[in-house]
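Everything below concerns the one structure shown next.
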Amino acid sequence: AATEKLELKVTTVNLDELIAEILAAYSLSTMNKSVTFTFNNNGAPAMIETDTFHFTTLLQNILDNGVKYNDQLQKEIGITTLLEKDSVDLIIRDNGIGMNEDTLQHIFEKFYRHQPRLSRPTKGLGLGLYYVKQCIDTHGWKIRVNSEHGAGSTFIITIPLNT
């Protein structure tokens, strides 16, 4: 399957500052939805090379899913940055409905939409995580997802650092 290459305008940015800005804007848009965001950074600034527009959209797509596929009265989304020797892990964890193995195999496919029994049907084109994957691939990053049905999902994005 051919992947669509995104055009990247790459700059060097402080990952924590970028996430803080995205979260500030995003939490305004979800104010009435009883969503709590927590952001833990490890104190050391991670300078990464990214296209800030695509990075912002990527993060918003993952946050959207954490809010959408969630039946908890209080939705919780935690973002953590973890600095390793030559990379930084961006970990996004939610307390949503989670996914089983079968769903996990397909979430990055174009137009794939997980249709669980939620209190409200979700809207969308099934392009969010497909786009996330294109973005990750174009940047040369890695993504993995841990999830358990009924126990939320965790997205781990590994971003190489400029050495």
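Summary of computed values
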read-out	value
Whole-Hz couplings from phi, Karplus 6.51/-1.76/1.60, listed for segment 6-19; x for Gly and Pro	8, 7, 9, 10, 8, 10, 8, 10, 7, 4, 5, 5, 4, 4
Projected label distance in nm at residue 34 and residue 149, using a 7 Å step from Cα toward the beta-carbon	2.6 nm
Under 5 Å, built H, 5+ apart or other chain: amide partners of residue 87	161
Relative contact order of the chain, pairs being alpha-carbon contacts under 8 Å that are 6 or more residues apart, as %	26 percent
Paramagnetic reach from residue 10 (point 7 Å along Cα→Cβ, amide N under 15 Å) across segment 19-50	47-50
GNM result for the chain, Cα springs below 10 Å: residue of 85, 68, 33 fluctuating most strongly	85
Partner lysines for residue 110 [C-alpha distance under 25 Å; skip if fewer than 8 residues away on the same chain]	5, 9, 68, 123, 133, 142
Viscosity 0.692 mPa s, temperature 37 °C, Stokes-Einstein D of segment 1-101 from Kirkwood C-alpha radius, µm²/s	221 µm²/s
Cα gyration tensor, segment 18-163 - rounded (a/c under 1.5), prolate or oblate	prolate
Mean separation of Cα contacts under 8 Å (6+ apart) over length of segment 27-106, as relative contact order %	33 percent
Among 134, 60, 105: highest mean-square fluctuation, GNM of the chain, C-alpha pairs under 10 Å	105
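No lab work stands behind these numbers, since they all come straight from the coordinates. Computed from a prediction, not measured in an experiment: that's the story for all the values here. Cβ: placed from backbone, ideal geometry, glycine included. Neighbour counts: every protein chain shown.
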